Amino acid sequence: GEVLKNLNKFYKRKEIQRLGAENGLDARLFHQAFISFRKYIMESSSVSADLHIILNDICCGFVVVGHVDDLFPFFLRHAKQIFPMLDCMDDLRKISDLRLPPNWYPDARAIQRKIIFHAGPTNSGKTYHAIQRFLSAKSGIYCGPLKLLAHEIFQKSNDANVPCDLVTGEERVFANEDSRQAPHVACTIEMCSTNTPYEVAVIDEIQMIRDPARGWAWTRALLGLCAEEIHVCGEPAAIDLVTELMYTTGEEVEVRNYERLTPLTVLDYALESLDNLQPGDCIVCFSKNDIYSVSRQIEARGLECAVIYGSLPPGTKLEQAKKFNDPDDPCKILVATDAIGMGLNLCIRRIIFNSIVKPTVNEKGEKEIDSITTSQALQIAGRAGRFGSSFKQGEVTTMHRDDLVQLKEILSDAVPPVKAAGLHPTPEQIEMFAYHLPDATLSNLIDIFVSLSQVDGMYFVCNIDDFKFLADMIQHIPLNLRSRYVFCTAPLNRKEPFVCTTLLKFARQFSRNEPLTFDWLCRHTKWPLAAPKNIKELVHLEAVHDVFDLYLWLSYRFVDMFPDAVLVRDIQKKLDDIIQIGVCNITKLIRASQSAAAPGTAEAVSEDFPLSKTQKDARVASDHHGAASTEALSIAVEAAGLRRAKSSRPSRLDSRQEDVKSYGRGSLANRLLREGLLTQEMLRQLESEWQDQHRNGRYGLGSKRDDQHSSKETRKKRK
């Protein structure tokens, strides 16, 4: 008991905690080391003689002879056994010191570069002017955020008789037939070379330097490209940060401001019904389910629509864009996600936001649903009325009346300035860490690196969750560190199980030194594949396309182990055509998916606007307990308001009663009517009862207790 008491006294001493910190033990490591040290003393039968004597002196109260502080050398020795990095903490701190990123690029520092910032909103011609300079230069590099953008500049350059190569993670296309490097190159930003000298470099969408996952690539390009002129294009919100970063390299920034070339008007009315759609309209949704739902409702009205969302292959996106842009094609409506924000030239007359809330992932990796940012709203809204298209001005509105006021507020807000630029540990830094910590896993190495890293206030370390996810997934496979690092930087969506298991199989076969052949890949993906018969099959084909992308990406890093890139590219093009067939018939696929699902299940796609989770719950409650439940209708009416962002203001009583008129016959009510669970007479009676209850104060505004009572009742019913 005396030993334990003195150990706890040792742990709580501020002096000891300070000594621990000086030796590399932050609060977390200090705590873990102490727990282990205490366990060693209390449970070990063979404590060393010198430690035994010190403990004895302390416990016997020989203050002159022994004090709890005398335990520190023994504690530190134990801590170094469980945390080997403590022995080389100074070296590790030097390796993970990220305070002077400009010094990582000596070739760029050896020349005096001219920086020109082309600042302006979407559709202001800022990128056009930068590209004109790129085309007139003797040599140049274009760095963009998307394959589609790199491909567009590659095409434009070669069409202008300026030989230009294309370099993306999955593809290399040479302008010269003999595969000699052309003086110009268009690439995705992660692929740019910081060793090759150019006359002109263009860095597009510079505001993405703040991106939590990819920002490091813009930082690397801005600080590291060896070009006499660097033309940076993007939002004015990034001007101050770029100027500050260039001040540290001793380079001045010339700012050229651009105004939008065509007017953009925010309408004073919402669309409210798909019956009000007009040619050139684009409905923007923030989930695939909403895309499916809205596109089916449009086609049910006898209209054709094109569909574009993020996980579609680039070829399919381009085909859908072409179909929508073609004045001779009967397709006059586009349904898209925010994937249209950049990379596609579209002839849009009016942007209609189906919703102004978007699912996001916060810094902790937790899912949140929040209003779109001003930057996102401007990027999307700005696609309307593109200069040079058949529409001389753009319009923007919302699907729902309640969202329009908030959209106006969002669009009128100033875009907050970009505060910091992303950084990411390099393979060389991780290799040096591994030299000092040979027994640590790659995931642990990254964790230790980030925890020890020191960054200047103008920088932040990018989110490494995807990297760690892959590192943990392939940890059990024997690979050398450099190969392991490459596999962990593979661009894949970790939410796609088929793609993740394929990467695992690639790594396993790679570790056995067995090449991944075309035949092996065909067996694994069950190629050849048929056109999809339902949405599930379409989603699987998209995942197979991503697997082919993954193979091609690895084939450029491990040529001998992924030898059949040419054959894989051929079948990927065929797969793109198959996916295009599926997307052109998307409403048939949705119908097939619905008929396969049991009638009345939550998975069925709504005939009206998509259901929120609360509406689905309300439907389940009403299915179980009869449609004529006042509770069910009140939940349906309440739920209708949940399309608004969580920050929207509470409605007044009179607008609530207006809600009953507009929403009472909305999606849930319509479905109950269709399914024969509710008659028009019952609906009128329920509306009347709901309004009576409102007047009597049962659902009065601010009556939190009644709201809680109502939700408890609903929960009971669901049980």
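Just so it is clear, none of the values below were taken in a lab; they were calculated from the coordinates. Just so we're clear, the structure is a prediction, and the values are computed from it rather than from any experiment. As a convention, Cβ positions derive from the backbone with ideal geometry for all residues, glycine included, and neighbour counts pool all protein chains shown.
Points worth noting:
- Cut-off 11 Å (backbone N to label point 7 Å along Cα→Cβ of Phe558), residues of region 488-504: 488, 503-504
- Residues whose amide H comes within less than 5 Å of that of His118, counting only those at least five positions distant or on another chain, are Val232, Cys233, Gly234, Arg256 (H built at 1.01 Å from N in the peptide plane).
- Dipole of region 390-461 [Lys/Arg +1, Asp/Glu -1 at C-beta], most positive-end residue of Ser390, Pro438, Val455: Ser390
- If R0 is taken as 22 Å, the Cβ-Cβ distance between Ala414 and Glu244 corresponds to a FRET efficiency of 0.70.
- Near-label residues of region 148-165 by backbone N, under 20 Å of a point 7 Å along Cα→Cβ of Glu177: 155, 158-165
- Near-label residues of region 67-100 by backbone N, under 14 Å of a point 7 Å along Cα→Cβ of Tyr40: 71-87
- Simple label model, 7 Å out from Cα along Cβ direction - Leu100 to Ala592, nm: 6.2
- Zero-based 10 Å bins, Cα pair distances in region 394-496, whole percents: 12, 33, 19, 16, 14, 6, 0
- Neighbour cut-off at most 16 other Cβ (10 Å), DSSP loop, GluC sites (Glu not before Pro), region 226-308: Glu252, Glu259, Glu272, Glu304
- Per DSSP, loop GluC sites (Glu not before Pro) in region 152-209 with at most 12 further Cβ within 10 Å: Glu177
- Two-site FRET efficiency, Val405 against Thr265, from Cβ-Cβ distance with R₀ of 22 Å, rounded to 0.05: 0.85
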